[in-house]
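The values are calculated or read from the model by the stated rules, or taken from the named source; none is laboratory data. Note that the structure is a prediction, hence the values are computed from the model and not measured. Cβ atoms come from the backbone with ideal geometry, glycine included; neighbour counts cover every protein chain shown. Quick note on the areas: whole protein, heavy atoms, side chains included, nothing else; ligands and nucleic acids left out. Shrake-Rupley method; radii C 1.70, N 1.55, O 1.52, S 1.80 Å.
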Amino acid sequence: QVHLVESGGGLVEAGGSLRLSCVASGSVSRLYTMGWFRQAPGKEREFVATINWGFSGPRYENTVKGRFTISADTAGNTGYLWMDSLKPEDTAVYYCAAASKFWATAPADFDSWGQGTQVTVSS
(Lines give C-alpha, C1' and ligand atoms only; values in the text may rest on other atoms or scores of the structure.)
Protein backbone atom coordinates (compact mmCIF):
# COMPACT_ATOMS: atom_id res chain seq x y z
CA GLN A 1 0.00 0.00 0.00
CA VAL A 2 1.24 3.45 -0.95
CA HIS A 3 0.63 6.13 1.67
CA LEU A 4 -0.03 9.60 0.27
CA VAL A 5 -0.07 12.97 2.01
CA GLU A 6 -1.14 16.12 0.16
CA SER A 7 -0.37 19.71 1.09
CA GLY A 8 -0.48 23.16 -0.43
CA GLY A 9 -4.17 23.93 -0.66
CA GLY A 10 -5.64 27.22 0.46
CA LEU A 11 -7.63 30.30 -0.45
CA VAL A 12 -6.59 32.28 -3.51
CA GLU A 13 -8.16 34.97 -5.66
CA ALA A 14 -9.20 34.24 -9.21
CA GLY A 15 -6.20 34.43 -11.51
CA GLY A 16 -3.85 33.35 -8.76
CA SER A 17 -1.65 30.29 -8.41
CA LEU A 18 -1.14 27.41 -6.01
CA ARG A 19 1.19 24.44 -5.90
CA LEU A 20 -0.05 21.17 -4.44
CA SER A 21 2.40 18.55 -3.23
CA CYS A 22 1.90 14.83 -2.65
CA VAL A 23 4.48 12.85 -0.71
CA ALA A 24 4.41 9.09 -1.24
CA SER A 25 5.69 6.55 1.28
CA GLY A 26 5.29 2.86 2.03
CA SER A 27 5.23 0.54 -1.00
CA VAL A 28 6.38 3.19 -3.48
CA SER A 29 7.61 0.44 -5.83
CA ARG A 30 3.90 -0.16 -6.55
CA LEU A 31 3.48 3.43 -7.74
CA TYR A 32 3.21 3.51 -11.53
CA THR A 33 0.85 6.42 -12.06
CA MET A 34 0.24 9.36 -9.78
CA GLY A 35 -2.99 11.23 -10.33
CA TRP A 36 -4.77 14.29 -9.08
CA PHE A 37 -8.55 14.32 -8.76
CA ARG A 38 -10.95 16.86 -7.33
CA GLN A 39 -14.39 16.83 -5.84
CA ALA A 40 -16.60 19.89 -5.49
CA PRO A 41 -19.61 19.94 -3.13
CA GLY A 42 -22.49 17.95 -4.56
CA LYS A 43 -20.42 16.65 -7.46
CA GLU A 44 -18.64 13.42 -8.25
CA ARG A 45 -14.89 13.08 -7.97
CA GLU A 46 -13.31 13.98 -11.32
CA PHE A 47 -10.01 13.45 -13.04
CA VAL A 48 -7.65 16.45 -13.16
CA ALA A 49 -4.24 15.16 -14.25
CA THR A 50 -2.03 12.09 -14.19
CA ILE A 51 1.63 11.33 -14.75
CA ASN A 52 3.46 8.05 -15.22
CA TRP A 53 5.94 7.66 -12.41
CA GLY A 54 9.45 7.63 -13.87
CA PHE A 55 8.76 8.56 -17.48
CA SER A 56 6.24 11.39 -17.46
CA GLY A 57 3.47 11.15 -20.10
CA PRO A 58 1.21 13.75 -18.44
CA ARG A 59 -2.50 13.84 -19.17
CA TYR A 60 -4.93 16.62 -18.30
CA GLU A 61 -8.64 17.18 -18.08
CA ASN A 62 -9.65 19.57 -20.83
CA THR A 63 -10.66 22.50 -18.62
CA VAL A 64 -7.25 22.60 -16.89
CA LYS A 65 -5.03 22.16 -19.96
CA GLY A 66 -2.67 25.10 -20.31
CA ARG A 67 -3.30 26.20 -16.71
CA PHE A 68 -2.24 23.20 -14.61
CA THR A 69 1.05 21.30 -14.78
CA ILE A 70 1.69 17.92 -13.17
CA SER A 71 5.22 16.85 -12.35
CA ALA A 72 7.06 14.23 -10.32
CA ASP A 73 10.26 14.19 -8.32
CA THR A 74 10.78 10.44 -8.23
CA ALA A 75 13.97 10.71 -6.18
CA GLY A 76 12.03 12.55 -3.50
CA ASN A 77 8.87 10.46 -3.90
CA THR A 78 6.89 13.65 -4.36
CA GLY A 79 4.39 14.67 -6.99
CA TYR A 80 3.25 18.20 -7.70
CA LEU A 81 0.31 19.94 -9.28
CA TRP A 82 1.09 23.50 -10.31
CA MET A 83 -2.11 25.46 -10.76
CA ASP A 84 -2.08 28.83 -12.53
CA SER A 85 -4.85 31.17 -13.70
CA LEU A 86 -7.17 29.68 -11.14
CA LYS A 87 -10.91 30.13 -11.55
CA PRO A 88 -13.76 29.94 -9.02
CA GLU A 89 -14.91 26.72 -10.71
CA ASP A 90 -11.60 25.11 -9.69
CA THR A 91 -12.79 25.24 -6.07
CA ALA A 92 -12.81 21.69 -4.70
CA VAL A 93 -11.06 19.22 -2.46
CA TYR A 94 -8.06 17.94 -4.39
CA TYR A 95 -6.91 14.36 -3.90
CA CYS A 96 -3.65 12.69 -4.81
CA ALA A 97 -3.87 9.03 -5.83
CA ALA A 98 -1.55 6.18 -6.78
CA ALA A 99 -2.16 3.42 -9.30
CA SER A 100 -0.19 0.19 -9.76
CA LYS A 101 -0.30 0.44 -13.55
CA PHE A 102 0.82 2.96 -16.15
CA TRP A 103 -1.57 5.29 -17.99
CA ALA A 104 -4.27 5.02 -15.35
CA THR A 105 -6.88 7.79 -15.46
CA ALA A 106 -10.15 6.44 -14.04
CA PRO A 107 -10.66 6.68 -10.26
CA ALA A 108 -11.29 2.92 -10.14
CA ASP A 109 -7.73 2.34 -11.43
CA PHE A 110 -6.20 3.96 -8.35
CA ASP A 111 -5.43 1.88 -5.27
CA SER A 112 -4.33 4.49 -2.77
CA TRP A 113 -5.68 7.94 -1.97
CA GLY A 114 -4.56 10.85 0.14
CA GLN A 115 -6.76 12.66 2.61
CA GLY A 116 -7.36 15.62 0.31
CA THR A 117 -6.54 19.31 0.48
CA GLN A 118 -9.05 22.14 0.05
CA VAL A 119 -8.57 24.65 -2.74
CA THR A 120 -10.86 27.68 -2.70
CA VAL A 121 -10.77 30.29 -5.45
CA SER A 122 -12.62 33.53 -4.76
CA SER A 123 -14.06 35.67 -7.52
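Annotations
- In the context of the full set of protein chains, segment 84-123 has a per residue accessible area of 45 Å² (1.4 Å probe).
- Two-decimal Rg/Rh across the chain, once Rg and the Kirkwood Rh are taken from alpha-carbon atoms: 0.94
- Toward the positive end of the charge dipole of segment 6-86, with +1 on the Cβ of Lys and Arg and -1 on the Cβ of Asp and Glu, the farthest Cα among Ser29, Thr63, Gly79 is that of Ser29.
- The chain: most fluctuating residue of Ser29, Ser17, Ser71 per GNM, C-alpha cutoff 10 Å: Ser29
- Protection-proxy order for peptides 37-49, 77-89, each taking the mean of Cβ atoms within 10 Å per residue, highest first: 77-89, 37-49
- With contacts taken as Cα pairs under 8 Å at a separation of at least 6 residues, the chain carries a relative contact order of 36 percent.
- R0 of 35 Å, Cβ-Cβ distance Lys43-Asp73: FRET efficiency to nearest 0.05: 0.70
- Taking a point 7 Å out from the Cα of Lys101 in the direction of its Cβ, the residues of segment 20-34 whose backbone N falls within less than 15 Å of it are 31-34.
- Heavy-atom accessible surface of the chain: percent carbon and sulfur, 1.4 Å: 49 percent
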